[in-house]
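See structure below.
The values are calculated or read from the model by the stated rules, or taken from the named source; none is laboratory data. Worth saying up front: this structure is predicted, and the values here are computed from it rather than measured. FYI the Cβ positions are ideal-geometry reconstructions off the backbone, even for glycines, and counts take in every protein chain you see.
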């Protein structure tokens, strides 16, 4: 699985977000690898209309009511999202808030919750909340163009896979076929990328390269 976080990059906003979503559909069909796009909420409907699988960048664990500024599961699902990412290093939230989202998600069969963790201890602790996936992303490597979680933290990936009863994604600096191969060898089930694809000169070529590495 390849999860592409569009963040709030201008290169991943509005019509450019839609172009990246269309790209993800093409690459998924060509390679047979699952590709998930994580756009801003304002772009969700348009991205979903391309046929792309989409997750929200954040969701809150509140029910529809007096919660100005919060984002409900009902809202993101209504916009076309089939899941959400939580606790990215750029949008950290308390474990109790993560638990609330996971508990609410149980009311919506098929809605996927992926929780990001920055180190092994946090990975183990958040796994106890039983989201669908844990994404291990050391924050110091997020956005790196020359180092990655696979090159710098393979021992932690191995420890995390053995320590939790959940499928593990890896992210932070992923940019090469070798990064993907290391992750798969260590039994991670997928990668989470942003900068390497969204800011690439040729995003589709870059995404295809990473997706094809799953098949080698």
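Checking the conditions here, which among 100, 153, 147 is in contact (Cβ under 8 Å) with a residue 12 or more places away in the chain, farther than 17 Å from residue 55 by Cα and touching a helix residue (DSSP H, G or I) at 6+ places or on another chain (Cβ under 7 Å)?
Of 100, 153, 147, the one residue that is in contact (Cβ under 8 Å) with a residue 12 or more places away in the chain, farther than 17 Å from residue 55 by Cα and touching a helix residue (DSSP H, G or I) at 6+ places or on another chain (Cβ under 7 Å) is 147.
Looking at 125, 159, which one is in contact with a helix residue (DSSP H, G or I) (Cβ under 6 Å, 6 or more places away or on another chain) and surrounded by fewer than 17 Cβ atoms within 10 Å (Cβ to Cβ)?
After ruling out the rest, the residue left standing is 159.
Between 110, 51, 80, 61, which is assigned to a loop (DSSP other than H, G, I, E, B), closer than 19 Å to residue 211 by Cβ and either in contact (Cβ under 8 Å) with a residue 12 or more places away in the chain or in contact with a strand residue (DSSP E or B) (Cβ under 6 Å, 6 or more places away or on another chain) (or both)?
51
For region 87-101, check the following and say yes or no: at least one residue is at pLDDT 95 or above, surrounded by 19 or more Cβ atoms within 10 Å (Cβ to Cβ) and part of a loop (DSSP other than H, G, I, E, B).
Looking through region 87-101, at least one residue is at pLDDT 95 or above, surrounded by 19 or more Cβ atoms within 10 Å (Cβ to Cβ) and part of a loop (DSSP other than H, G, I, E, B).
Output the number of residues of region 47-69 satisfying the condition of being within 16 Å of residue 7 (Cα to Cα) and touching a helix residue (DSSP H, G or I) at 6+ places or on another chain (Cβ under 7 Å).
Within region 47-69, residues that are within 16 Å of residue 7 (Cα to Cα) and touching a helix residue (DSSP H, G or I) at 6+ places or on another chain (Cβ under 7 Å) number 4.
Considering region 18-43 alone, what residues qualify as being touching a strand residue (DSSP E or B) at 6+ places or on another chain (Cβ under 8 Å) and either under 22 Å from residue 187 (Cα atoms) or in a helix (DSSP H, G or I) (or both)?
20, 21, 24, 25, 27, 28, 33, 34, 35, 36, 41
Assuming residue 178 fulfils every condition listed in (1) farther than 25 Å from residue 203 by Cα; (2) more than 17 Å from the chain's Cα centre (by Cα); (3) in contact (Cβ under 8 Å) with a residue 12 or more places away in the chain apart from one, which condition is it?
With respect to (1) farther than 25 Å from residue 203 by Cα; (2) more than 17 Å from the chain's Cα centre (by Cα); (3) in contact (Cβ under 8 Å) with a residue 12 or more places away in the chain, residue 178 is out only on (1).
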